Protein chains: 2
Amino acid sequence: MTIYLFILFAFVTASFSQENSNDKIMVKKVFDEVLTNGTSYELLEHLCKKIGHRLSGSENAEKAVFWTKKVMEDYGFDRVFLQEVMVPKWVRGDQEIVKIDGSNEMLSALAIGGSVGTEENGIKADVVMFHNITDLEKADKSDVEGKIVFINGAFNQTYIRTSQAYSETGRQRWQGASVAASLGAVGVIIRSLSSSLDDFPHTGSLGYDEKHKKIPAFALSTIASNKLATKIKMGTVKLFMKLNSKWYDDVKSYNVVGELKGSEKPDEIIVVGGHLDSWDVGEGAHDDGTGCMQSIDVLRTFKALNIKPKRTIRAVMFMNEENGLRGGLKYAELAKENKENHIAAIESDAGGFTPRGFSVDGAADKIEKMQKWVSLFDKNTISYIDAGYGGADISPLNKTQNTVCIGLNPDTQRYFTLHHTNNDVLEQVNKRELLLGTASMASLVYLLDQYGL
Amino acid sequence: MTIYLFILFAFVTASFSQENSNDKIMVKKVFDEVLTNGTSYELLEHLCKKIGHRLSGSENAEKAVFWTKKVMEDYGFDRVFLQEVMVPKWVRGDQEIVKIDGSNEMLSALAIGGSVGTEENGIKADVVMFHNITDLEKADKSDVEGKIVFINGAFNQTYIRTSQAYSETGRQRWQGASVAASLGAVGVIIRSLSSSLDDFPHTGSLGYDEKHKKIPAFALSTIASNKLATKIKMGTVKLFMKLNSKWYDDVKSYNVVGELKGSEKPDEIIVVGGHLDSWDVGEGAHDDGTGCMQSIDVLRTFKALNIKPKRTIRAVMFMNEENGLRGGLKYAELAKENKENHIAAIESDAGGFTPRGFSVDGAADKIEKMQKWVSLFDKNTISYIDAGYGGADISPLNKTQNTVCIGLNPDTQRYFTLHHTNNDVLEQVNKRELLLGTASMASLVYLLDQYGL
C-alpha cells in the first residue's frame, strides 16, 4: 500500500458515524485513554517475562497472585483482596518421550495435563489409529487391548470460528484416555487440538473415568501426527512412550480481586475477569495473561478518567481454570454465602487478539437491550453482541444467581495455533489488538454500570 | 481456555443465522471451498520464498510476472495475458549508513524509496528536529539551512484504523525531502510510519518537488527515532549519512491478467486484484503478495466450484503500485482504448489479515444495494460494507469509466508494524486469516456477477 490519494483515505472514518450522544463520547474517551495510556501490554510483559507460566499449585502461580494483588493496590483500587481456594497440583516431570520403536527421532509431544506417568522404564506397544474418538468408541476390544491408541482427529477447517472446531474435536483430549482404557489400551496419543500444521504440541486437561484404569496420555504436534499416520498406513508401528508426571495433594491458592466501590448501588456488582493460572508451557500469554491484565486495566481506566461507577466493579483473576475451575466455583460459592448480587460478568479468555464482538449467556430481553449499544462502537472493534457463551470462570455465577455472563470474542484465527503450547508467549501479542479488547470491555462495563440490565 | 461446557460453545454459531437463501448457501460453499482447498497461502509461500521482494524494474519483479502467468495458465483460466508497461527503476545500493557523528553505533535506517544518493563520502551536518511536517513548514530558513532535518512525527494511536494514522503522518515521508530542501536542508530523516515501537525501519516512496534540490532521505526505526530525539534534547547532534542509491532509465514490465469469460454478459468486467511489485526489503508478503495470491485463488475457486460466471471476471496483478502506479494507469488506459466496461473492481492491498469489511468508492445507491449482502456473511468475516476507499491500482478505472471500486478491509492493527520493512515476510501471515479474505472477495465477486450493480 502506498500513500497515494491521501484524501480518499479519510472516507474510511465514515464507518464511525458522528451521532453525538454522551454514550458515544464516553466510549470514545475510554478508547482514547486505553489506546494512549493503557497498561495491559506492559503488565503482560511483566507477567510473561518476570513470572512465566503458572500452573495451579506452582510457585509461579503463587508469585502471580501476590504480584497482581500489589499491582491493583498500587493503582489505588478501593479494595483488593484474596479468596482462598484449594487447587489441584500436577507436575509434568522431566521425562517426556514419544518415539517410534527402533528410531532415534523423538516425535514432538507433550503429556496431556493430568496424565498419570508410565512405568519407570516406559511403555512399548503396537499402535492402533482412529480418525476420531467416535470411531474409537465403536471399536472392538480385541483391536485395542494391550495397544497404544492414536486418535488423529483434525480440526474442521470450514468453521469460521476455530473455537467451534476446538469444542468439536476437544473430546479426544478430554475423554480419549478413558475411552481407550475402557477397551484395554495401555496408553493414548492424540493429534493436538490445533488449527495449523506445525511442530508445536498442545497440552490441556483430561478427565479420567474412575471406572477404568488410568493410562498415560500424550498430544503430538500436527506435523508429528501426520508423520505417525503415514508410518501406520505403511504397516505395524510400535511406539515407545515414557512420562514421569506426578499428582500431589491439593495446595492452597487464591483468586485475586480488585474493586471500585459503587457510589449509588454498591450492592450491584459487575465483574470483569480472566484466569491467572496457565498451562505449564510457554508463558500463558494469550491463555490467559491477556484477560487478567485487560481486567486490571479496565479498572485503571475508570480511575484515570475519573469515572465514579454507580455500581461496584471488580477485576477478578480466577485461579485454576485450566484443570479444575476451582477458583470460579469458589467465587460463586462465596458470592452466594455473602449474599452478593452480581448483575453481569465479563470474561476475556479467548486470547488478546483484535475484538470482534461479545457473546452473552443471558435472558433474551437483556441481550436485546445490550444489542442497542453495538452502534456506539467502531465497526472495526465490536461489531455484534449476540447470544452465546460467556466464559468458564464466570459460568458458576450464571448457575447460582443467574448473572448475565458475557464473553469477549476476539478474532479466533490465531488462537488455536498457540493455545497450550510453548509458543503462547508475549511475542505473539500485538499491543494494539490487546488494548482494543481492554477498551471494548471497559466501554461495556461503563454502559452496564450506567444503565444496569 | 479449557474445554468445559462443550455444549455452551455451540451457541457461538448462533451469530450466523440460518436464513436459507440460495445466496447464503453459495457464500457458505465458497467459504468451505476456500478454507478447505484454497491455495492462497501455498502460492504466497512460493512468491515469498522462491522469488522474494520485487521492486519494479528488478529481476525478481520480472520473475514474478512470468511465474504468476504460468500459475494462472496451469489453473486453466480462459485467457491469461500480459499488458506491457514501462516502469521506473530505482536501486538502493549497498551503502546505507546513518549514525551520530563520533559514535560507532548505526541507527536502524532505510533509505526512502526514490531517494537520491549522498556524495560519495557521505554527508555530515547538524540535525534540527521537528515534531511533524507542519512545524517544518513554518520554520525559518535560518534554522534549517545547511542542516539535516529530522521529522519525528508519530502515529496518532487513538485512531482505531491504523491506516488513518498512516495517511495523516504519511506526508512526512512523501513531502519531507521537498519541504526540507525548500528551506536549504542538505538531507532529511523521518521517523518511520509505524504503529509500533520496534527497531524495523520502514521504507516507502517520496516525491521530489522539481523546484528544489533533491536531497537524500532516510527513515529511522521508531526506537532509533526515540534515541535520536533524546540526544537532540540534550544538545547539538551532528549526523553522518551515506547512501549510494541510483536511478536508471525506465524498464519494460507487465501487468498480469487472468480471465474467466462471462457466459451471458461477457462485456461486463469485474476485476479482483492486488499489486505484484513490492518494496525491496522483506518479501512483500502482506504488501502485497497476499492480495495477488488471493485474487488468483478467487478465480481458482470459481473453477473448482464449477461456477460459470455470467460476466467476465479478471484477476489482475498490477505492476508498480509502490513507486509510480504505472500498471494501474496503464490498465485503465487500455480499458478505455479497448472500450471495455468495468462494472466493479475489488482490490486487496491492506494485508492478508482477518477480514472485517469492504469499503466502496461508488454511487450511494450502489453501495446501498451491496449493503444488503452483509447479512450473507458470518459476522466474524465481513461485518460491514460502507462508503470508503477502494484502492490505488483500481482508482484510475474509477476516474476513467466510473467503475465502482471496492477495497477489502482486513484488520489493520498489525499491518503498519511490518509494512515496507524487512519483517514483511511469510511468517507474519496466518493461513486462515488469508483464506478468509480470499473467500470474502470470492463471495463478493459471486454476488456482483449474479446481480450486477
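The values are calculated or read from the model by the stated rules, or taken from the named source; none is laboratory data. The model shown is predicted, which means the values in this text are computed figures rather than measured ones. Note that each Cβ is placed from the backbone with ideal geometry, even for glycine, and that neighbours are counted across all protein chains shown.
Some observations on this one:
- Considering the conditions (1) touching a residue at least 60 places away in the same chain (Cβ under 8 Å); (2) assigned to a loop (DSSP other than H, G, I, E, B); (3) buried (at least 22 other Cβ atoms within 10 Å of the Cβ), A:L228 is excluded by exactly one of them, (2).
- Only one of the numbered conditions (1) in contact with a strand residue (DSSP E or B) (Cβ under 6 Å, 6 or more places away or on another chain); (2) within 13 Å of chain A (Cβ to nearest Cβ) is violated by B:Q428, and that is (1).
- Filtered residue count, the stretch B:298-331, keeping only those that are within 19 Å of the chain's Cα centre (by Cα) and not polar (S, T, N, Q): 16
- Boolean, B:F77 is in contact (Cβ under 8 Å) with a residue 40 or more places away in the chain, touching a Leu at 6+ places or on another chain (Cβ under 7 Å), of a type in the set (F, W, Y) and more than 24 Å from B:H202 (Cβ to Cβ): yes
- Residue selection: B:S225 fails the criterion of being within 26 Å of the chain's Cα centre (by Cα), within 14 Å of chain A (Cβ to nearest Cβ), small (G, A, S) and within 20 Å of B:G170 (Cα to Cα).
- Residue identified as of a type in the set (D, E) and without any contact (Cβ under 8 Å) to a residue 40 or more places away in the chain among B:E264, B:E337: B:E337
- Of all residues making up the stretch B:113-160, the number that are within 14 Å of chain A (Cβ to nearest Cβ) and hydrophobic (A, V, I, L, M, F, W, C): 4
- Filtered residue count, the stretch B:419-453, keeping only those that are at pLDDT 95 or above and either assigned to a loop (DSSP other than H, G, I, E, B) or under 25 Å from B:R326 (Cβ atoms) (or both): 11
- Boolean, B:S278 is over 21 Å from B:L436 (Cβ atoms), out of contact with any Gly (no Cβ under 9 Å at 6 or more places or on another chain), at pLDDT 95 or above and not in a helix (DSSP H, G or I): no
- Condition check for B:N422: more than 7 Å from chain A (Cβ to nearest Cβ) and surrounded by fewer than 24 Cβ atoms within 10 Å (Cβ to Cβ): yes
- With respect to the conditions (1) within 30 Å of A:Q401 (Cα to Cα); (2) out of contact with any Ser or Thr (no Cβ under 8 Å at 6 or more places or on another chain), A:I270 falls short on a single one, namely (2).
- Per this entry, A:A185 is not counted among residues that are in a helix (DSSP H, G or I) and among the aliphatic types (A, V, I, L, M).
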